[in-house]
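So the structure is just underneath, and the comments pick up after that.
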2 protein chains.
Amino acid sequence: MKVTLNRTSFTQQLQTVQRAISSKTTMPILTGVKIDLSNNGLTLTGSNADISIESFLSSEDEKAQMTVESSGSIVLQARFFSEIIRRLPEDHVTLEVLENNQVEITSGKANFLVNGLDPESYPHLPTVDRQKEIQLPVDMLNKLINETVFSVSQHESRPILTGVHFMLKNQRLLAVATDSHRLSQRIIPLENDNGQFDIVIPGKSLTELSRSLTDEEDTVQISIMENQVLFETKNMKFYSRLLEGKYPDTDRLIPSSFNTEIEFAVPALLAAIERASLLSHESRNNIVRLNISEDSVVLHGNSPEVGKVEEDLKYEKVSGDPLEISFNPDYMKDALRAFGDTTIRISFISAVRPFTLEPTEGQGDFLQLITPVRTN
Amino acid sequence: MKVTLNRTSFTQQLQTVQRAISSKTTMPILTGVKIDLSNNGLTLTGSNADISIESFLSSEDEKAQMTVESSGSIVLQARFFSEIIRRLPEDHVTLEVLENNQVEITSGKANFLVNGLDPESYPHLPTVDRQKEIQLPVDMLNKLINETVFSVSQHESRPILTGVHFMLKNQRLLAVATDSHRLSQRIIPLENDNGQFDIVIPGKSLTELSRSLTDEEDTVQISIMENQVLFETKNMKFYSRLLEGKYPDTDRLIPSSFNTEIEFAVPALLAAIERASLLSHESRNNIVRLNISEDSVVLHGNSPEVGKVEEDLKYEKVSGDPLEISFNPDYMKDALRAFGDTTIRISFISAVRPFTLEPTEGQGDFLQLITPVRTN
């Protein structure tokens, strides 16, 4: 194997697959990046127990300025190899596999000779089954992930809740995450898609996927296999394992009739919650209290040791019964951030029942739900 | 005490004194910031065992838009108080001390009531003695610190070496730091200053001082007291304790005749050292090797497990005996960074004697010294 190519293009490609590579793996070969060179171009692979990323750089790519002298494969220790590439003196780098998996890396007058690993011992990626597929624009998928993934459980006590539930049915894609204290749900209509699937993707995989999907113009092809899902763009294949087990029925958790409704501009409410949480964070039970009456809405934060805060909130509209309700301000912050700069409606039943946040202008396709904290 | 002022000005002032405040102190009152309000303006004080910073904001300062309603003092928990100020909704903030050291913080509709501490129990700062004083421009002092402080020892086994030695004598200010493996020295001529002093300032204090001296236009007044030094600018007083004991005589360590000399452009040499250290860092003994002969200079890095690197270095000029010498590349990196983008001369005696780095254009006023590593 021998190739010369542009260092910047190669560095970018390396960064993509490195998201999947951990130095804390129990399989030493997985600390490496696999390099496969053919006349068509360079394929890099990185993998850990949960995700695998394959990135392709075409020899036709003008920026890559690639000259393939002979094809072949090698595995190199990823972190160390990337550091070398990053620090080379010239715009181009030449990689050549010598005997015994030794690799010569040359750029200008700098000449590295590093020990590689046998590419035959690198695990094979899953075979792709093109039976169940959908396509989504990258920006839509990224938005979907960022609107839901923060609600997955961080605890392994119920492993299924550490993932986001994706369900395609009746030409609708539903994504739901819940840690049993709060819930995030987004529905995307897919009018031309009559397929059907029901899978749970680990939250951590989705977070990495979202970071890897940088080209917002692109389209993602999503293929679902026995226990894997593949997200494929023009130059990248991103595999994640699926979580096993049945995701709980979340439809029954979402209330549909309410006694108190109030509308807020998100940025102002978020800033007030952040202020109130400064005090709740100093207290043992991290809660803030909202007092809604006909003519005022007041937010309270309190820490017996440190002090207290009180703020008269600006709201757009209020209706229904007066209410005093307490909740974890961190759940509220996460939910509000998912809406961005818009106006939302918060709908309550009572001080002890979950309440919902929805865009004022929405059609029921995006919802956040938070369970309050009982204070007496 | 009651004052209303611009939040941005106040935040900046708070940030300055916070450099001196640690949450890990054994004296609870020192986790606080002391606030003193007079008709002239607002004085903030932060302190820990090593340094104290006092910052003054004049009531005449236009940007501060300060209205003093009544003077007084209070101590508030610093980290928490700064977070509140940072998150307030409006451009202005009002602070009012109520009964029992309670403080009301108001901005727009947000209203905080926090528990303060008795300002009488805050320790007093040292009294300034104006006997021994010099003045330096801020940019010169910052440069001096950044050229030397990295060479102080990180180990408490010889506490005196954790400081930078400052000596004023014969109209010259000398600053030296050494951890006994390498040494950094800067001399500044002070032609109108006939004073004399000999002090050792903790390296950590100087690093914090350098971060606090942001206005490069300003002048620093340096006053030396019994066991303290005060750096004073227009709006800030920065106190540091001094290290006790006698600093070793470093003059005798600096060689004056050499057998091999070579000149390099700093950025190219630094980049090559950084590449070679990628391999030395993977090895147990972190060293790189330099081979100087009449017609080539080659840098080697090696790690038996990972691989090796070899680079033909570009140099400006070489003279004297051929030499093979090994050294810690991290010391070399620190030294080279202190020179910036210039040309330097490295002067060697032999493979086992310390070598020096000096600007090619220098007059002996700036020098870095590194002790090589014996390899046989």
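B:Ser22 sits among other residues whose Cβ lies under 12 Å from its own Cβ, and their net charge, with Lys and Arg +1 and Asp and Glu -1, is +2. When B:Glu133 is represented by a point 7 angstrom out along its Cα-to-C-beta vector, the spacings to that point in the other copies are 8.1 nm, nearest first. For the stretch A:132-251, the convex hull spanned by the alpha carbon atoms encloses 97 Å³ per residue.
Within the listed set A:Arg186, A:Arg211, A:Arg87, the Gaussian network model of chain A (springs between alpha-carbon atoms below 10 Å) gives the highest mean-square fluctuation for A:Arg87. One chain, two ends: A:Asn259 and A:Arg337. Fully extended at 0.36 nm per residue, the span grows by 25.6 nm beyond their Cα-Cα distance.
Here chain A is described by how far its Cα atoms reach on the three principal axes: 79, 52, 38 Å, from widest to narrowest. Once Rg and the Kirkwood radius are both taken over the C-alpha atoms of the stretch B:307-376, their ratio Rg/Rh works out to 0.95.
When chain A is treated as a GNM, springs tying every alpha-carbon pair under 10 Å, which of A:Met140, A:Met236, A:Met225 comes out with the largest mean-square fluctuation? Result for chain A, Cα springs under 10 Å: A:Met140 fluctuates most.
In the structure shown, the pairs B:Lys24/B:Lys143; A:Lys24/A:Lys143; A:Lys109/B:Lys308 are assessed against 19 Å; a Cα-Cα span above that value is assigned to B:Lys24/B:Lys143; A:Lys24/A:Lys143. Cα-based values for the protein assembly as shown, radius of gyration first and Dmax second, are 32.4, 93 Å. Distant-in-sequence amide contacts of A:Val297, defined by a placed amide H-H separation under 5 Å and a gap of 5 or more residues or a different chain, comprise A:Leu313. If R0 equals 41 Å, the separation of the Cβ atoms of A:Ala49 and B:Glu316 corresponds to a calculated FRET efficiency of about 0.20.
Between the stretch A:38-85 and the stretch A:335-376, the C-alpha centres lie 46 angstrom from each other. What residue among B:Val288, B:Val17, B:Val176 shows peak mean-square fluctuation when chain B is described by a Gaussian network model with Cα springs under 10 Å? Of B:Val288, B:Val17, B:Val176, the most mobile in the Gaussian network model is B:Val288.
Extension gain, B:Glu62 to B:Ser38, is 7.0 nm, computed as 0.36 nm per intervening residue step minus the present C-alpha separation.
Entry for the stretch B:2-121 at q = 0.11, 0.13, 0.16 Å⁻¹: log10 I(q)/I(0) = -0.32, -0.45, -0.70, Debye formula applied to identical alpha-carbon scatterers, no solvent contribution. Return one number: the angle in degrees, 0 to 90 and rounded to the nearest 10, between the long axis of the Cα atoms of helix B:329-339 and the longest principal axis of the Cα atoms of chain B. For B:329-339 against chain B, the angle is about 70 degrees. Taken over the stretch A:256-370, the percentage of Cα pairs per 5 Å bin, counting from 0 up to the bin with the maximum distance, is 2, 12, 23, 26, 21, 11, 4, 1, 0. Remark: mean inter-chain Cβ contacts per residue of A:300-310 equal 4, using a 10 Å Cβ-Cβ cutoff to other protein chain atoms. Taking the longest Cα principal axis of chain B as reference, the axis of helix B:203-212 is set at about 60 degrees. With a cut-off of 13 Å between beta carbons, the residues surrounding B:Glu263 carry a summed charge of -1, where Lys and Arg count +1 and Asp and Glu -1. Over chain B, Cα pairs under 8 Å with separation of 6+ residues give a relative contact order of 12 percent.
Distance from the axis that maps chain A onto chain B is least for the Cβ of the chain A residue given, with the whole Å value, as A:Lys24, 15. Using 0.36 nm per residue and subtracting the Cα-Cα separation, the extra length available between A:Thr219 and A:Thr375 on full extension is 51.4 nm. Helix B:7-18 and the longest principal axis of the C-alpha atoms of chain B enclose an angle of approximately 50°. Starting from the label point of B:His281 at 7 Å along Cα→Cβ, the same points in the other copies fall at 3.2 nm, in ascending order. Ranked from shortest, the separations from the 7 Å Cα-to-Cβ label point of A:Asn192 to its equivalents in the other copies are 8.1 nm.
Only the coordinates and a few stated rules stand behind these numbers; no lab work does. Nothing here was measured: the structure is a model prediction, and the numbers come from that model. Please note: Cβ atoms are built from the backbone with ideal geometry, for glycine as well, and neighbour counts cover all protein chains shown.
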